[in-house]
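Working notes for the structure below.
A short reminder: the numbers here are calculations on the coordinates, not readings from a lab. What you see is a predicted model; the values in this text were computed from it and never measured. Glycine gets a Cβ as well: all are built from the backbone with ideal geometry, and neighbour counts include every protein chain shown.
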Amino acid sequence: MADFSYLAKELSILKRDNLLRQLLQIDSAAGCTIKIGNAKKVLFCSNNYLNLAEDHRIIAAAKDAMDKFGFGSASSRLISGTISPHVELEKAIAEMFNKKSALVFPTGFMTNLAILQTIPQKGDLLLLDKLDHASIIDAAKGSDAEFRTYHRGQLDRIEKFLASDKYNRRFIVTESIFSMDGDFADLEKLVELKKKYNAYLIVDEAHGFGCLGRSGAGLGEELGILNEIDIVVATLSKSAGCMGGFLAAEKSVIDYLINRARPFIYTTAPLICNSAAGLRAIELIKNAKDKREKLKQNANYLRNKLKSLGLNTGTSTSHIIGVIIGDNERTVQISKRLFENGFLVIAIRPPTVAPGTARLRISVQSDHTKEQMDSLCDAIAIEN
Ligand SMILES: Cc1ncc(COP(=O)(O)O)c(C=O)c1O
């Protein structure tokens with residue numbers, strides 16, 4: 001028998017430090033309310049921001065595609081796995097982001113791996129926000145380019161790296177809405193700097209896509225600077241209610257990835273029904289102005305109410321609201337008691353967030369009702 005006791009030892013340390021993570025089985029769709037066994041819980045921690053994951057039009061698009069194309073794509077994209085829904089989806093994404101071309105991947109994580117380990121090369125610089133998502137950080141760690149980080153607002157540090165003649169090319173990589181704090185990157189400033197230093201700007205709109213901008217293209221669109229972003233990354237796995245990542249960029253970027261990106265070349269193509277559903281989701285997102293407005297109203301209402309209760313919502317200005325508790329054990333306890341009182345809000349702890357900043361990451365959905373938000377606030381207030 002192989003000896004895995006070294007793993008059990010580490011797990012027991014995680015448990016001791018209130019850092020052990022466990023899977024929770026849910027027995028329904030991820031709407032505003034979910035079922036766990038026979039118990040109903042109000043869900044306040046999913047990324048189903050626009051409630052499209054359970055939308056009947058998206059489900060119908062997936063079913064139609066399954067009837068027409070079967071289920072599995074059975075091959076990588078470069079062999080026999082490029083099926084018409086993939087191509088139609090990529091055309092729709094390119095058009096939405098006003099770029100020449102787009103490419104879809106099975107996950108957003110793989111999209112970041114593919115871009116950051118292929119487009120920036122040896123002798124180049126990858127300049128990341130310290131709080132960029134794990135997929136960006138991990139991708140940068142495995143890139144041949146040198147990788148450096150900055151804290152939000154450290155303009156001197158950013159400029160120091162951008163001005164350095166040590167590098168062939170310099171790539172700034174940022175999320176548009178930060179996934180654990182719910183604040184916005186200063187994209188306008190980054191655009192100014194990228195222009196000043198002739199750098200490239202890559203923006204991950206995972207949490208902005210669908211939620212911001214006239215047609216839902218994200219923060220870049222909302223600020224009117226979409227055309228200044230060289231590579232836009234996002235995922236269909238959050239507001240679009242589907243699955244899979246994508247990027248939109250110049251055709252040469254896409255052609256290069258098709259030829260060189262290992263996470264694109266050496267994996268089976270995304271499920272065809274998922275791409276068909278994604279295409280329908282994009283049509284719905286373009287016309288979801290009312291849902292976006294409702295999401296914003298809900299987020300402002302909930303954040304203000306939490307603040308009025310004396311809770312620390314950190315730097316959040318969006319539909320992601322981190323209620324910072326600090327201590328791991330206390331955060332886990334509050335999350336447990338909220339669960340007993342009918343709410344699912346997971347405790348987010350290090351290493352996902354910095355030590356001492358454990359939090360309840362509350363994410364708002366456009367269909368949450370005022371009553372649901374009020375009762376969540378009441379429950380948190382009692383626990384705090
Ligand atoms: C900013 C960001 N980028 C990328 C990803 C990965 O996307 P996906 O869940 O589609 O792999 C996520 C979410 O998990 C994210 O928050």
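Based on DSSP, what percent of beta bridges with both residues in segment 56-286 are antiparallel, to the nearest 5?
DSSP beta bridges in segment 56-286 are roughly 40 percent antiparallel.
Once you treat every alpha carbon in segment 240-372 as an equal point and sum by Debye, what is log10 I(q)/I(0) at q = 0.22 Å⁻¹?
After summing over all Cα pairs, the log10 values are -1.21.
Let me know the Kirkwood hydrodynamic radius for segment 304-384, please, with Cα pairs as the basis and the value in Å to one decimal.
Numbers: mean 1/r = 0.0785 Å⁻¹.
Evaluated over segment 304-384, this radius sits at 12.7 Å.
Is there a pair in 189/291; 194/238; 130/189; 160/195; 15/141; 307/370 whose C-alpha atoms are over 21 Å apart, and which pairs would that be? Could you put the intermediate results ahead of the total?
Values: 189/291 29 Å; 194/238 28 Å; 130/189 17 Å; 160/195 15 Å; 15/141 28 Å; 307/370 16 Å.
Check vs 21 Å cut-off fails for 189/291; 194/238; 15/141.
If you put +1 on each Lys and Arg Cβ and -1 on each Asp and Glu Cβ, how big is the dipole of the chain around its Cα centre, in Debye rounded to 20?
Result for the chain is approximately 180 debye, rounded to the nearest 20.
Please work out the FRET efficiency for the pair residue 166 and residue 266, using the Cβ-Cβ distance as r and a Förster radius of 41 Å; give the result to the nearest 0.05.
After rounding to 0.05, the efficiency reads 0.80.
Over segment 56-286, what is the relative contact order in whole percent, taking alpha-carbon pairs under 8 Å and six or more residues apart?
Rounded, it is 32 percent for segment 56-286.
At a Förster distance of 25 Å, what's the computed FRET efficiency of residue 333 paired with residue 27, Cβ-Cβ distance as r, to 0.05?
0.50
Of the options 118, 184, 224, report the single residue whose Cα projects farthest towards the positive end of the charge dipole of segment 56-286 (beta-carbon charges: Lys, Arg +1; Asp, Glu -1).
Of the options given, the answer is 118.
For 175, 188, which order do you get if you count the other beta carbons within 10 Å of each Cβ and list the fewest first? Working shown, then result.
On the way: 175 25, 188 13.
Taking fewest neighbouring Cβ atoms as first place, the list is 188, 175.
Rounded to two decimals, what is Rg over Rh for the chain when you use alpha-carbon atoms and the Kirkwood radius? Write down the numbers at each step before the final one.
Values: Rg = 21.1 Å, Rh = 21.8 Å.
For the chain, the value is 0.97.
Segment 116-182 to segment 237-256: how many Å between their Cα centroids?
19
Using +1 at the Cβ of each Lys and Arg and -1 at the Cβ of each Asp and Glu in the chain, identify which of 48, 379, 317 lies farthest towards the dipole's positive end.
Farthest towards the positive end: 379.
Describe numerically, in nm with one decimal, the distance between label points set 7 Å from Cα along Cα→Cβ at residue 121 and at residue 80.
3.4
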